[in-house]
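**Q** Structure in structure tokens, see below.
Laboratory data are not the source of any read-out in this text; all were calculated from the coordinates shown. Please read all numbers here as calculations on a predicted model, not as lab measurements. Don't worry about glycine lacking a Cβ; one is built from the backbone with ideal geometry, like all the others, and counts go over all protein chains shown.
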Amino acid sequence: MAQVQAISNDHKLIDGRAHAARMIEDLKLDVRDLDSKGWRPHLISVTVGEVDEVGLYVRNQRLNAEKAGIEFQERNFPASVTEAELLAAIESMNVDPRITGIIMQRPVPNHISVHALQEAVHPLKDVEGMHPSSIGKIVYQNLETGPCTALAAVELLKTTGLELAGLEVVMVGHSEIVGKPIAFLLMAEGATVTVCHHRTRNLAVHSRQADAVFVAAGKPNLITQEMIKPGAVVIDIGINQVDQPEGKSKVVGDVDFASCADVAGWITPVPGGVGPVTVAVLMRNAVIATQRQKTHYEVLLARSTKALQ
Ligand code: NAD
């Protein structure tokens with residue numbers, strides 16, 4: 001049975017940075033082991049055109065890859081690249097045995113289909129967990145790899161120690177990359193999941209019932225104190241740049257942190273919550289993808305050796 005009790009004025013901050021640092025530390029051993037067997041994980045980050053915020057994500061990914069001992073390479077294509085050219089370039093990365101993971105950075109220009117790119121990455125090299133077969137695995141309750149942000153958000157819920165089976169969870173947002181995979185991950189853990197979105201008639205009616213509220217809407221201050229049940233877990237996935245009076249801007253989530261922190265049992269900050277764990281999960285997916293490729297080639301070798309006997 002889920003146990004969520006009111007802990008008013010005693011919210012527990014879920015520290016995503018510390019959790020991510022532990023994950024990267026743990027990965028170092030796996031990377032060293034793979035490297036010693038000739039399988040050092042090697043990520044390639046693909047960007048199209050110049051987008052400022054993408055540059056920030058890529059720098060952060062590189063930094064974490066280097067900490068874990070993962071090789072990280074960048075390939076930038078001009079905004080004028082055609083979809084066919086990009087798909088051909090991805091195919092060349094698929095067949096290059098030195099590359100073990102491909103990250104397709106978003107956004108891409110409108111003339112390129114994100115779905116086409118996600119499908120083009122070979123499932124064994126899909127470290128973002130966005131290939132249809134990776135998404136399908138979540139539906140089939142194979143939860144080891146999957147979309148990074150979704151896995152990160154659920155992993156932070158687990159740090160509370162709450163029993164997930166039977167937990168009443170509300171997911172605000174139903175995007176392919178965040179909301180839907182989170183709903184599937186949580187259902188696989190036995191939670192009772194309600195998915196809300198921009199057409200939901202009365203969001204507060206749902207969110208107030210929940211033991212845990214996940215929010216990924218891209219709307220600052222969408223969730224306020226009166227929408228949260230005392231003692232509930234609040235996992236804020238939103239990343240929004242908002243202008244400040246003095247002309248600067250700052251990053252906030254979708255949750256009005258100050259008011260919700262007063263009633264929540266646990267809450268993630270933005271920045272410093274889901275974001276850093278997302279990058280750490282990407283690195284973990286990169287290690288798992290490399291282990292799978294190693295096994296794949298070992299099986300192929302065993303088969304061809306047997307065929308020759
Ligand atoms: P999206 O635009 O694809 O989807 C937004 C979702 O929010 C939709 O399902 C929509 O129906 C819902 N929504 C919008 N307004 C709503 C409202 N008023 N009430 C209820 N639901 C509403 O966005 P996304 O790609 O899922 O991203 C959502 C947020 O998460 C963004 O702020 C994004 O920057 C952030 N994000 C963070 C990470 C991370 O690593 N922390 C990763 C991906 C996205």
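**Q** Of 48, 86, 69, whose Cα points farthest to the positive end of the dipole of the stretch 38-128 (charges on the beta-carbon: +1 Lys, Arg; -1 Asp, Glu; origin at the Cα centre)?
**A** 69
**Q** Continuing with this model, one more query. For the chain, the longest stretch holding no trypsin sites (Lys or Arg not before Pro) located in a DSSP loop with at most 16 other Cβ atoms within 10 Å is which?
**A** Result, exposed sites excluded: 99-198.
**Q** Want the number for residue 63 to residue 202: 0.36 nm per residue separation, take away the alpha-carbon distance, what's left?
**A** 45.9 nm
**Q** Using helices alone, I'd like the mean residue ellipticity at 222 nm for the chain: each DSSP H run of four-plus residues gives -39500 (n - 2.57), total over residue count, nearest 500. Please list the in-between numbers first.
**A** Values: 10 runs with 133 residues, N = 309.
Taken over the chain, the calculation gives -13500 deg cm²/dmol.
**Q** Right, another one. Would you kindly derive the ³J(HN,Hα) couplings of the stretch 253-262 from the backbone phi angles with the Karplus curve 6.51 cos²θ - 1.76 cosθ + 1.60 (θ = phi - 60°), listing them in order in whole Hz, with x for Gly and Pro?
**A** Taking θ as phi minus 60°, the curve returns x, 9, 10, 6, 4, 4, 6, 5, 4, 5 Hz for the stretch 253-262.
**Q** Right, here's the next one. Is the C-alpha gyration tensor of the chain telling us rounded, prolate or oblate? Criteria: a/c under 1.5 is rounded; beyond that, a/b larger than b/c is prolate, otherwise oblate.
**A** prolate
**Q** State the extension gain, in nm to one decimal, for the chain segment bounded by residue 50 and residue 292, taking 0.36 nm per residue of separation less the distance between their alpha-carbons.
**A** Going from the current span to full extension adds 83.8 nm.
**Q** In addition: Each label point is 7 Å from the Cα along the Cα-to-Cβ direction; what then is the distance between the points at residue 96 and residue 308, in nm?
**A** Roughly 2.8 nm, to one decimal.
**Q** When a/c is below 1.5 the answer is rounded, else prolate if a/b is larger than b/c, else oblate, so apply that to the stretch 38-128 with a ≥ b ≥ c taken from the square roots of the Cα gyration tensor eigenvalues.
**A** In terms of gyration-tensor shape, oblate.
**Q** Further question on the same structure: Defining a contact as two alpha carbons under 8 Å apart and six or more residues distant in sequence, what relative contact order in percent does the stretch 38-128 show?
**A** Details: 118 pairs, mean separation 35.7, N = 91.
RCO, the stretch 38-128: 39 percent.
**Q** Based on the alpha-carbon gyration tensor of the stretch 216-309, what equivalent-ellipsoid semi-axes (square roots of 5 times the eigenvalues) come out, in whole Å, largest first?
**A** Each semi-axis is √(5λ); the values are 46, 17, 9 Å.
**Q** If I take the Cα coordinates of the stretch 128-176 and project them onto the principal axes, what are the three extents in Å, biggest first?
**A** So the three principal-axis extents are 30, 22, 17 Å.
**Q** At 4 °C and a viscosity of 1.567 mPa s, what translational diffusion coefficient does Stokes-Einstein give for the stretch 129-252, taking Rh as the Kirkwood radius over Cα pairs? Give it in µm²/s as a whole number.
**A** 86
**Q** Okay, next question. Can you tell which of 307, 164, 275 lies farthest toward the positive end of the dipole of the chain, using +1 and -1 charges on the Cβ of basic and acidic side chains (Lys, Arg; Asp, Glu)?
**A** Value computed over the given set: 307.
**Q** Hey, got the dipole for the stretch 25-107? About the Cα centre, +1 on K and R Cβ, -1 on D and E Cβ, debye to the nearest 20? Walk me through the numbers before you get to the answer.
**A** On the way: 10 positive and 15 negative charges, 49 e Å.
With only Lys, Arg, Asp and Glu charged at Cβ, the dipole is about 240 debye.
**Q** Which residue, 251, 299, 48, has the most motion in a Gaussian network model of the chain that connects Cα atoms within less than 10 Å?
**A** Ranking 251, 299, 48 by mean-square fluctuation puts 299 first.
**Q** Given an 8 Å cut-off on Cα distances and at least 6 residues of separation, report the relative contact order of the chain as a percent.
**A** Numbers: 615 pairs, mean separation 76.1, N = 309.
Contact order relative to length: 25 percent.
**Q** Let me ask something else. Decide, for the stretch 83-123, between rounded, prolate and oblate: order the square roots of the alpha carbon gyration tensor eigenvalues as a ≥ b ≥ c, take rounded if a/c falls under 1.5, and otherwise choose prolate if a/b is larger than b/c, else oblate.
**A** prolate
**Q** Further question on the same structure: Please work out the FRET efficiency for the pair residue 144 and residue 243, using the Cβ-Cβ distance as r and a Förster radius of 35 Å; give the result to the nearest 0.05.
**A** Once the sixth-power term is evaluated, E becomes 0.30.
**Q** Could you list 182, 177 in order of exposure, starting from the residue whose Cβ has the fewest other Cβ atoms within 10 Å?
**A** With the sparsest Cβ surroundings first, the list reads 177, 182.
**Q** Put a dot 7 Å past each Cα toward the Cβ at residue 219 and residue 87; how far apart are the dots in nm?
**A** 3.6
**Q** Follow-up. Taking amide H positions as placed 1.01 Å from N in the peptide plane, with prolines and chain starts having none, which residues 5 or more places from residue 172, or on another chain, fall under 5 Å of its amide H?
**A** Amide H neighbours of residue 172, under 5 Å, 5+ apart: 196, 214, 215, 216.
**Q** How large is the dipole of the chain about the Cα centre if only Lys and Arg carry +1 and Asp and Glu carry -1, each at its Cβ, rounded to the nearest 20 debye?
**A** Here the chain has a charge dipole of around 580 debye.
**Q** Distance from the Cα centre of the stretch 94-171 to that of the stretch 267-309, in angstrom?
**A** The distance from the Cα centre of the stretch 94-171 to that of the stretch 267-309 comes to 12 Å.
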